[in-house]
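Student: Quick one: this structure, given as structure tokens, is what I'll be asking you about.
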């Protein structure tokens with residue numbers, strides 16, 4: 001546990017060609033957290049630092065970062081070491097810079113992350129989890145990374161419990177996120193733990209984060225996962241479902257929206273979205289119900305706003321899709337610290 005009077009160093013480890021948004025997104029969240037604390041008459045909680053194998057390093061967009069400090073010889077104060085991602089092209093080979101960073105991580109954090117009550121923490125964003133794996137920091141922990149890199153992470157950390165389709169995962173002193181925007185979600189989660197939910201909500205509002213996601217949220221949103229196609233009819237029907245999932249939809253009404261026969265609409269959905277129209281409707285309703293429960297709605301209210309005819313229908317759909325019941329999600333929300 002870090003004493004509240006102690007300043008936390010948030011140390012971004014910058015490798016050549018790091019993803020600029022992996023750095024700027026979380027860093028801005030932490031900066032705003034200090035700003036909101038100052039407005040409340042409180043001292044800063046974190047100190048931003050940036051270190052790497054060179055004083056000037058190129059980023060993923062070609063813009064270079066200067067003034068990068070050397071990797072410190074030791075972590076003298078409570079430190080969250082943030083490992084940011086790199087583009088896929090840079091992940092194919094272990095450069096001398098990456099090898100040097102991995103050695104530094106192993107030396108500085110190899111024992112610390114396994115020490116109970118350690119003030120040190122690893123925060124891996126996107127493919128930063130691969131760097132944590134190369135340094136041997138993951139062990140048998142739960143972790144995640146970008147969905148395209150899950151198999152790569154499993155190969156590098158065979159003992160780790162790599163979790164698919166999750167925005168971020170926190171397991172003790174190691175936290176990992178799925179991608180660029182998920183890094184902001186993880187930063188907001190850490191800010192909430194240290195500075196309170198109200199302040200984290202203010203930071204999210206400043207950053208115009210439309211929906212702040214939690215550890216339980218999937219990486220791949222049901223609102224997007226079946227929309228990687230170009231068919232206008234299918235998109236039109238999907239738009240109608242997302243706009244009003246509570247409507248009493250059936251195949252005839254969906255076919256009318258798409259100006260197609262029921263049989264033709266079913267074939268189009270299967271070919272282009274990979275699911276049937278009614279399966280897509282069920283997924284959207286489940287996600288709406290889950291979001292309602294996250295916001296404190298009762299199971300009955302969540303079922304109503306999502307378009308399920310009864311609590312029982314919601315429970316059955318929930319069990320088929322995820323196992324357990326909606327009440328499990330409600331209990332998990334209530335068990336979270338205030």
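The values are calculated or read from the model by the stated rules, or taken from the named source; none is laboratory data. This one's a predicted model, so the numbers in the text were calculated from it and none came from an experiment. Methodologically, a virtual Cβ is constructed for each residue, glycine included, from the backbone with ideal geometry; neighbour enumeration extends over all protein chains shown.
Student: Would you check if residue 198 is touching a helix residue (DSSP H, G or I) at 6+ places or on another chain (Cβ under 6 Å), within 30 Å of residue 123 (Cα to Cα) and either at pLDDT below 95 or not in a loop (DSSP other than H, G, I, E, B) (or both)?
Tutor: no
Student: Pick out, from the range 72-154, the helices (runs of 4 or more DSSP H) lying fully within it that include 2 or more residues that are surrounded by fewer than 17 Cβ atoms within 10 Å (Cβ to Cβ). Reasoning before the result, please.
Tutor: On the way: elements: 88-91, 96-109, 128-134.
Correct list: 88-91, 96-109.
Student: Identify all residues within the range 299-311 that are crowded, with 21+ Cβ neighbours inside 10 Å and either outside the structural domain of residue 252 (by TED's automatic domain parsing) or assigned to a helix (DSSP H, G or I) (or both); write none if there are none.
Tutor: Initial filter on the range 299-311 (crowded, with 21+ Cβ neighbours inside 10 Å): 302-303, 306-308.
Passing the criteria: 302, 303, 306.
Residues checked against (1) in contact with a helix residue (DSSP H, G or I) (Cβ under 6 Å, 6 or more places away or on another chain); (2) surrounded by 12 or more Cβ atoms within 10 Å (Cβ to Cβ); (3) without any contact (Cβ under 8 Å) to a residue 40 or more places away in the chain; (4) assigned by TED's automatic domain parsing to the domain that holds residue 291:
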position: 228; (1), (2), (3), (4): no, no, yes, yes
position: 231; (1), (2), (3), (4): yes, yes, no, yes
position: 235; (1), (2), (3), (4): no, yes, yes, yes
position: 240; (1), (2), (3), (4): yes, yes, yes, yes
position: 243; (1), (2), (3), (4): no, no, yes, yes
position: 251; (1), (2), (3), (4): yes, yes, yes, yes
position: 258; (1), (2), (3), (4): yes, yes, yes, yes
position: 264; (1), (2), (3), (4): no, yes, yes, yes
position: 267; (1), (2), (3), (4): no, yes, yes, yes
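Student: The conditions are (1) surrounded by fewer than 13 Cβ atoms within 10 Å (Cβ to Cβ); (2) farther than 27 Å from residue 198 by Cβ; (3) modelled with pLDDT under 90, and residue 296 fails exactly one of them. Which is it?
Tutor: The number of the failed condition is (2).
Student: From the residues in the range 163-184 that are at pLDDT 90 or above and in a helix (DSSP H, G or I), which one is farthest from the chain's Cα centre (by Cα)?
Tutor: 184
Student: OK, next. How many residues does the range 10-49 contain that are assigned to a strand (DSSP E or B) and surrounded by fewer than 20 Cβ atoms within 10 Å (Cβ to Cβ)? Give the steps one after another, and end with the answer.
Tutor: Narrowing the range 10-49 to residues assigned to a strand (DSSP E or B): 10-13, 18, 46-49.
Keeping just the survivors that are surrounded by fewer than 20 Cβ atoms within 10 Å (Cβ to Cβ) gives 47-49.
The qualifying residues number 3.
Student: Can you say whether residue 192 is on the phi < 0 side of the Ramachandran plot, in contact with a strand residue (DSSP E or B) (Cβ under 8 Å, 6 or more places away or on another chain) and either in the same structural domain as residue 87 (by TED's automatic domain parsing) or outside any helix (DSSP H, G or I) (or both), as far as the supplied structure shows?
Tutor: Considered against the rule, which asks whether it is on the phi < 0 side of the Ramachandran plot, in contact with a strand residue (DSSP E or B) (Cβ under 8 Å, 6 or more places away or on another chain) and either in the same structural domain as residue 87 (by TED's automatic domain parsing) or outside any helix (DSSP H, G or I) (or both), residue 192 comes out as no.
Student: Can you pull out every residue in the range 312-326 that is part of a helix (DSSP H, G or I) and farther than 19 Å from residue 247 by Cβ? Can you show your working first?
Tutor: The initial filter retains those residues of the range 312-326 that are part of a helix (DSSP H, G or I), namely 312-322, 326.
Within the range 312-326, 312, 315, 316, 318, 319, 320, 321, 322, 326 qualify.
Student: All but one of (1) more than 22 Å from residue 30 (Cβ to Cβ); (2) under 25 Å from the mean Cα position of the chain (by Cα); (3) in contact (Cβ under 8 Å) with a residue 60 or more places away in the chain hold for residue 81, so report the exception by its number.
Tutor: So the condition that residue 81 fails would be (1).
Student: So which pairs qualify, if the first residue must be in the range 186-210 and surrounded by fewer than 21 Cβ atoms within 10 Å (Cβ to Cβ), the second must be modelled with pLDDT of 90 or more and not in a helix (DSSP H, G or I), the Cβ gap must be under 6 Å, and the two must be at least 6 apart or on different chains?
Tutor: 194/45
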